[in-house]
Amino acid sequence: MSVRGNWDRRGGDPIGRLGSIDRRRFLRLSGAGAAALVAGAGPYTERALAASALTSYPFRLGVASGDPRPTEVVLWTRLAPRPHDEDGRGGMPARKVDVRWEVAHDEAFRQVVARGRAPAYPELGHSVHVEVGGLRPARRYFYRFKAGADTSPVGRTSTVPQLGRAVRELTFAFASCQQFEHGYYTAYRHMAREDLDLVVHLGDYIYEYGPNRYNAPGGNVRRHNSREPTKLAGYRRRHALYRDDSNLKAAHAAFPWVVTWDDHEVENNYADDIAQHGGSREYFLRRRAAAYQAYYEHMPLRRFSAPAGPDMRLFRTIAYGDLAHFRVLDTRQYRDDQASGDGQKPSSAQSRASRRTMTGASQERWLLGALGGSSARWNVLAQQAFFAELDLGSGSSRQFNMDAWDGYWAARRRILDYIATRRVRNPVVLTGDVHANWANDVLRNFDDPDSRVVAAEFVGTSISSGGDGSDQRLETQRIRARNPHVRFFNGQRGYVRCHVTPERWRTDYRVVPYVSRRGAPVSTRATFVVEAGRPGLQRAGGGRAPSAAATSSEVEGDRARAQRRADE
Ligand code: FE
Ligand code: CA
């Protein structure tokens, strides 16, 4: 299994840490033969799907594509005629079912360029991950699946340009944090109408809480249909609930996605094998294995990312020609426990300890090596946790979020040292997690206010988490007074759109005024530009001028929200 073969994690093999449970039994317990199953998924006996086997339409969860390469892309679907069934089987029989797939130049499938068959195994929730090869670089394609007499909705995808080819432009969007109960996914409806080459999802794709256990300030508008999942069936149902949303399905069907996770795909604020509220590591790793498998089953990921027990390789590079290389990070699976407990704390010897890691040693080596050898004009870190320093305190009390990079101070310093000394070209950090829009100049050394700017960070707000949100203009003034490198803050919902050329990076913060009702319009709240070779954000047109219209109750609300931020 290649996934385990190149495994080299701090603390050694996590299975070895399970003590009394032997590895084979653990894999069986966690239902985690996924990597083996996927690796062995070569030739198989064709078994026609009897029309009677499916009680109703099996493509309710739609289609998706992802992780594009110049001549390849992953196509995804999951057969689930009854996606909300309690047993997590989606209404499917307990046997392998063959699915046919087609890729065409046109939406009507008159010019089919590739077709084939793929197995859908009950062990993987009858999910299908097809790595279609032989495509042409930088081309748009349409795809669909067939099972029995049923045909899936049509998806649209594209390949990326070849390395070494001059690429004029890239347009992509990134998003994160879509608590289902907190609001409607109107932002995805708007995103699906954009003209994008890619979508990047930075985590909190699902939230694990039971019904109404995590409430938006204005109250929840939808309801989780099951209690907090800890096993595979529960996580499958939760993914199915989210994925059954028509706006989310539309965004998946419109573009190839590049996904990574944060904490809520498993449990709030977990760190490696440590649960939020303690408990045995054996139990938590079993839970993590179930959550990781359900995540793999619902995402357009390569075989490379198939889970092996509680391990799943998600950090990887997505190259868009030589214009932009995305280093997709996993800042949950290998991190040290939060320093001094979760929440906002002053920095401490513990939070600044030189050995602390956010990525694990292996991922850090990979990241630095990739940045050092990069041929890309723009070097993008697609990741979860707030990267720039952020003092959330008041008066003389400096307070930092221990779950963000501020709680992993030395790990951030190692990356910044490397970027500065190796002169990594045009680094841009993309961030999720905090349910608000931010634009930050990343300083060479945050302990030195005169330090130079070495990178840009764009933090994207949530799709729905936190409910309607607001523009929080007074909060912006307060934050900027304490953090001069923060250039923009906004607490509305939406997504971020980026237009990238060899000369210039433009970021548009796309916001919706509410998510508690359907049908919100979208607008661009602010635009920032970075010129290649000149680190530092420049404010551009597209946003309204700041006003002092915020009320004192808004400021109170902002303070309360800042206090809650650690729970996000
Ligand atoms: Fe979140
Ligand atoms: Ca999070």
Checklist entry - Per residue, how much accessible area does the chain show when a 1.4 Å probe rolls over the protein heavy atoms, in square angstrom? => result 37 Å²
Item to check | Total lysine pairs under 26 Å (Cα atoms) in the chain, excluding pairs fewer than 8 apart on one chain | outcome: 5
Item to check | In Å², nearest 10: area of L367 left accessible to a 1.4 Å probe | outcome: 0 Å²
Item to check | With every protein chain in place, the chain: carbon and sulfur % of accessible area (1.4 Å) | outcome: 47 percent
Next on the checklist: What figure, in Å² to the nearest 10, do you get for the accessible area of R236 with a 1.4 Å probe and non-protein molecules left out?
Outcome noted: 20 Å²
Checklist entry - Hey, what does the equivalent ellipsoid look like for segment 47-158, semi-axes from the Cα gyration tensor as sqrt of 5 times each eigenvalue, largest first, whole Å? => result 26, 14, 12
Item to check | Rounded to whole Hz, the Karplus (6.51, -1.76, 1.60) HN-Hα couplings of segment 88-101, x for glycine and proline | outcome: x, 8, x, x, 9, x, 7, 8, 5, 10, 8, 10, 9, 9
Item to check | q = 0.10, 0.19, 0.22 Å⁻¹: log10 I(q)/I(0) that the Debye formula gives for segment 202-309, counting C-alpha atoms only | outcome: -0.30, -1.05, -1.34
Checklist outcome for this item: Computed Rg/Rh for segment 299-410 (Cα atoms; Rh = Kirkwood radius) stands at 1.03
Next on the checklist: Can you tell me the orientation of helix 473-482 relative to the chain, as the angle in degrees between its alpha-carbon axis and the longest Cα principal axis, to the nearest 10?
Outcome noted: 70 degrees
Next on the checklist: Could you report the accessible area of D433 in Å², rounded to 10, computed with a 1.4 Å probe on the protein chains as they sit in the structure?
Outcome noted: 10 Å²
Item to check | Rotationally averaged projected area of segment 122-202 (alpha carbon convex hull; nm²) | outcome: 8.5 nm²
Next on the checklist: Quick check: with the 1.4 Å probe, what order do H224, H84 take by accessible area, largest first?
Outcome noted: H84, H224
Item to check | Under the Karplus curve 6.51 cos²θ - 1.76 cosθ + 1.60, θ = phi - 60°, whole-Hz ³J(HN,Hα) for segment 409-416, x wherever Gly or Pro sits | outcome: 4, 5, 5, 5, 4, 4, 5, 5
Next on the checklist: Can you tell me the orientation of helix 281-298 relative to the chain, as the angle in degrees between its alpha-carbon axis and the longest Cα principal axis, to the nearest 10?
Outcome noted: 70 degrees
Item to check | Two-decimal ratio, the chain, of alpha-carbon radius of gyration to 2.2 N^0.38 Å | outcome: 0.92
Checklist outcome for this item: For E265, E169, E86, E102, the accessible-area ranking with a 1.4 Å probe, largest leading, is E86, E169, E102, E265
Next on the checklist: Using the Karplus curve 6.51 cos²θ - 1.76 cosθ + 1.60 with θ = phi - 60°, what ³J(HN,Hα) values do you get for each residue of segment 256-262, in whole Hz, with x for Gly and Pro?
Outcome noted: x, 10, 10, 10, 9, 10, 10
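The values are calculated or read from the model by the stated rules, or taken from the named source; none is laboratory data. Predicted model only: the values in this text are computed from it and were never measured. Protein only, heavy atoms only, side chains kept; ligands, DNA and RNA dropped before computing areas. Shrake-Rupley method; radii C 1.70, N 1.55, O 1.52, S 1.80 Å.
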